[in-house]
Structure formats: structure tokens, C-alpha cells
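Report on one structure; see the data block that follows.
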Amino acid sequence: MKKIAAVFLAAVMITALCGCTKQGSSGNKDEGTSKYAQAVDVLDAVAKAYAEEEAFAMYGGDQENAVMDAPGKFDLSKTEEMDNTLGLPQDQADQIDDAEAVKSNILGKQWVCGSPETLVIIQAGGNYVVTAYGNGEMIETFKNHALSVIDGSQVIVETPIG
């Protein structure tokens with residue numbers, strides 16, 4: 001069962017680690033400071049923090065930008081895929097940094113093949129939001145790495161699923 005959870009997490013985790021740019025009041029995505037040029041750079045930093053013995057199979061990106069064993073880019077215009085993979089409701093795609101909308105959508109899903117145990121949403125500095133859900137132990141490890149490598153990060157949602 002743990003292997004199934006790991007495979008499920010591998011398929012969901014890095015794609016679900018949707019680091020998304022947050023727009024300021026002026027609409028300028030570059031408002032504020034960040035050492036990350038793109039959202040995927042946030043995830044790369046977290047992935048590099050894993051020790052070899054902690055490593056697991058990863059799948060990143062959307063269907064057209066899929067990569068194995070690394071985070072990948074996700075086209076935010078693919079709202080149905082974002083809902084299915086990342087947990088962001090299609091009708092709220094323009095509010096991707098709304099942690100409560102993401103939380104409500106993920107907690108309301110009916111899982112076909114097992115159920116993820118834990119959901120964590122991390123505010124990464126002032127510019128990105130990272131969402132991860134899956135096996136509780138793996139999410140805890142991810143959370144700890146994310147908090148240690150992402151400047152100014154803080155957990156804004158952490159809850160059991162199910």
C-alpha cells in the first residue's frame with residue numbers, strides 16, 4: 001500500500017506543487033522581490049534539497065510539458081487539467097493563489113485509487129504559493145525541505161484529507 005501511495009504521490013506531488021506567481025495590486029507579476037525567475041524554479045530548489053536516500057520518482061508539468069524525475073512547467077490556461085491534477089477549481093483559475101479555494105476543492109474530491117493523507121499549502125516568499133498533497137510522511141518531508149530552502153516561506157494550510 002505504501003508503494004501505491006508513493007506512486008500516487010509521484011504522479012501528483014510535483015505537478016501538484018503548483019508554484020504560482022502572485023500578482024500585486026498593480027497587476028505586475030514582478031512586484032516584490034524573489035530570487036526565483038519562474039514558479040518551476042521554486043520547485044527545483046525544493047527538489048534539490050532532498051538527500052539521495054529521500055529521493056522518489058517524480059513527474060512534473062502538464063501533459064504537453066511533462067518531465068520525469070524533476071518539477072515541470074504547467075500551462076495555467078489548461079483549467080480542466082489544473083483541476084484534475086493540481087486541485088484548483090476550473091472556475092477559479094484566475095485566483096490560483098487562493099489557498100482556501102484550493103483547499104476546499106481538494107478536500108471535496110472523491111479519490112478513485114486511495115486517498116491522499118495530508119494537504120499542505122505554503123506561501124513561498126511573497127510571490128508564490130506551493131500546494132502539495134499525498135502520503136503524510138512524504139508531505140511532511142516536502143514541507144520541511146520547502147520551509148528550509150524557500151526564503152520567507154510559511155505554511156498557510158496544513159490539514160488531513162479524508
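Note down the nm distance, to one decimal, between modelled labels 7 Å out along Cα→Cβ at residue 38 and at residue 140. That separation, rounded to one decimal, is 3.4 nm. Measuring only protein heavy atoms, the 1.4 Å probe finds residue 147 accessible over about 70 Å². Excluding residue 147 itself, calculate the net charge of residues whose Cβ lies under 13 Å from the Cβ of residue 147, where each Lys or Arg counts +1 and each Asp or Glu counts -1. Residues near residue 147 contribute -2 overall. For the residue pairs 48/143; 35/78; 73/109; 78/109; 48/73; 103/143, the alpha carbons lie more than 22 Å apart in 35/78; 73/109.
Would you give the gap between the C-alpha center of region 32-93 and the C-alpha center of region 133-155, rounded to a whole Å? Cα centroid to Cα centroid, the span is 14 Å. Ordered by 1.4 Å accessible area with all protein chains kept, 115, 148 run largest first as 148, 115.
Stretching residue 65 away from residue 104 to a fully extended chain increases their span by 11.3 nm, per 0.36 nm per residue minus the current alpha-carbon distance.
The values are calculated or read from the model by the stated rules, or taken from the named source; none is laboratory data. Since the model is a prediction, treat every value here as computed from it, not as a measurement. Please note: Cβ atoms are built from the backbone with ideal geometry, for glycine as well, and neighbour counts cover all protein chains shown. Protein only, heavy atoms only, side chains kept; ligands, DNA and RNA dropped before computing areas. Shrake-Rupley method; radii C 1.70, N 1.55, O 1.52, S 1.80 Å.
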